[in-house]
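The values are calculated or read from the model by the stated rules, or taken from the named source; none is laboratory data. Values in this document were obtained by computation on a predicted structure and should not be read as measured data. For neighbour counting, all protein chains shown are included, and Cβ atoms are generated from backbone atoms with ideal geometry for every residue, glycine included.
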Amino acid sequence: MDYEGGVYLINFCKKFFDVILVIIIILIFMKFILHIAGFSHYIVLGGSMEPTYKIGSLIYVKNVDAKEIQVNDVITYVANKNLDIVTHRVIKIDTKNSEFYTKGDANQTIDAEAVHFNNLIGIPKFSVPYMGYVLMYLSKKPGIYLFIAAVVIMSMVLEFPKKQQISE
């Protein structure tokens, strides 16, 4: 590789590393700001709410009081004794028994069990498509190792030109 090609590659790597660093800073900042603002995040694992929320999306849920929920709102709640988290649309509200009746947008029938008001987590306010896949991957050992390796390699690539300039 000639000198100009090496310089181009190094400049490209610097810009790429800068973009990745900015994305990481934004994600960390968003996580803390959104947490302070009362949001929690969940990964969509099933297709019951497609096309509203695609599998692999990261949804941000805002805590709300059960009395604020109306028919046709999408809610996130604890579904059963296994503590499964589900996001479905409210199709009926039984205020006498403090229950929501829900249905996934892609499902043909309503959910078998009503959701008690106490099981409400909140309302999804926005989602980031496919970001759930990234979060799932980065939370497992191979993803962590890959992330660390990428940071080390990028640091070495960015440091290499500095060492060459010093020795010349």
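I'm checking my understanding of the structure. Among residues of segment 119-167 that are exposed (fewer than 12 other Cβ atoms within 10 Å of the Cβ) and β-branched (V, I, T), which one is modelled with the lowest pLDDT?
Step by step, filter segment 119-167, then rank; the result is I166.
Please specify each residue of segment 88-109 satisfying the condition of being of a type in the set (A, V, I, L, M, F, W, C) and exposed (fewer than 15 other Cβ atoms within 10 Å of the Cβ).
I91, A106, listed by residue number.
Out of N11, N80, which single residue is on the phi < 0 side of the Ramachandran plot and outside the structural domain of E99 (by TED's automatic domain parsing)?
Testing whether each residue is on the phi < 0 side of the Ramachandran plot and outside the structural domain of E99 (by TED's automatic domain parsing) leaves just N11.
Could you please give the count of residues in segment 28-62 that are surrounded by 14 or more Cβ atoms within 10 Å (Cβ to Cβ) and in a helix (DSSP H, G or I)?
The total comes to 2.
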